[in-house]
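Before any comments, here is the structure.
The values are calculated or read from the model by the stated rules, or taken from the named source; none is laboratory data. Computed from a predicted model, the values in this text were never measured in an experiment. Using ideal geometry, Cβ is built from the backbone for each residue, glycine included, and neighbour counts are taken over all protein chains shown.
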Amino acid sequence: MKIGVVTFPGSNCDADARHGATITGNEAVQLWHKDTSLPAGLDAIILPGGFSYGDYLRTGAIARFSPIMNEVIRFANDGGIVFGICNGFQILCESGLLPGGLIRNEKLSFVCKDVNLRVENATTAFTRAVKPGAILRIPVAHGDGRFTAPQEMIDRIEANGQVLFRYVSNTGDVTADANPNGSMNNIAGIINERGNVMGMMPHPERACEPLLGSADGTSVFASLALHLEQHNHLQYTE
């Protein structure tokens, strides 16, 4: 499967994201922020972490208007798989592909540490290789990671099963101490209603080798690989 990883000015996790994609057997190709078309045969797109355009105005606000984003939006609207990590999550919210937004951390400080994530929905393209309720150990590194939305939107997201990951304690409890940024309902990652666009603040690409302290992030990339393989197989047999 071929996964494109976008590089914006200020991206610093694009190479890591390409490695995360290839570690499960996929081919990863670099996409440039000025590209006005996508390569043939692309199966998924990753928007990586970093500080696109220096996070001027607000996180993701300028990157949303990059030429490549017209293609990313078209790809997503056509049902293509799009995965945003940290800054990529922020860009997806700014572009309207995901609901809500990411604002300054509750304590107004940059947070860089390992956190525990509970898998809330294990039936999606991004979690199907994980057991429901599994707890993953994955790092965060952000200053604007507090997910927020109007209460009625939060209620709808929860009711629709759009919350994929939630910050929890070592024992899987949803607590304020387990929440690194003050996100509403301890939300760490969500999908759109259609289920083909996902954003998460933690960095699975930084937890895909035992040498890094955890390989739990591999499960996200493995889920994506499994979904793409099965989806392409169905297309071939129809």
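Structural remarks
- Complete set of residues in segment 65-90 that are polar (S, T, N, Q) and either within 17 Å of residue 224 (Cα to Cα) or surrounded by 18 or more Cβ atoms within 10 Å (Cβ to Cβ) (or both): 66, 87, 90
- Residue match in segment 180-193 (condition: over 16 Å from the mean Cα position of the chain (by Cα) and free of Cβ contacts under 8 Å to residues at least 24 places away in the same chain): no
So that you can scan it fast, the table gives a plain yes or no per residue for (1) under 17 Å from the mean Cα position of the chain (by Cα); (2) buried (at least 19 other Cβ atoms within 10 Å of the Cβ); (3) in contact (Cβ under 8 Å) with a residue 24 or more places away in the chain:
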{"residue": "5", "(1), (2), (3)": "yes, yes, yes"}
{"residue": "12", "(1), (2), (3)": "yes, no, yes"}
{"residue": "17", "(1), (2), (3)": "yes, yes, yes"}
{"residue": "26", "(1), (2), (3)": "no, yes, yes"}
{"residue": "32", "(1), (2), (3)": "no, no, yes"}
{"residue": "41", "(1), (2), (3)": "no, no, yes"}
{"residue": "50", "(1), (2), (3)": "yes, yes, yes"}
{"residue": "60", "(1), (2), (3)": "yes, yes, yes"}
{"residue": "63", "(1), (2), (3)": "yes, yes, yes"}
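- Flag for residue 131 being modelled with pLDDT under 95, outside any helix (DSSP H, G or I) and of a type outside the set (S, T, N, Q): yes
- Members of segment 188-218 found to be touching a helix residue (DSSP H, G or I) at 6+ places or on another chain (Cβ under 8 Å), crowded, with 22+ Cβ neighbours inside 10 Å and outside any loop (DSSP other than H, G, I, E, B), listed by number: 189, 190, 197, 199, 200, 204, 205, 206
- Every residue from segment 131-172 that is surrounded by 16 or more Cβ atoms within 10 Å (Cβ to Cβ), of a type in the set (A, V, I, L, M, F, W, C) and under 21 Å from residue 193 (Cα atoms): 147, 149, 154, 157, 163, 164, 165
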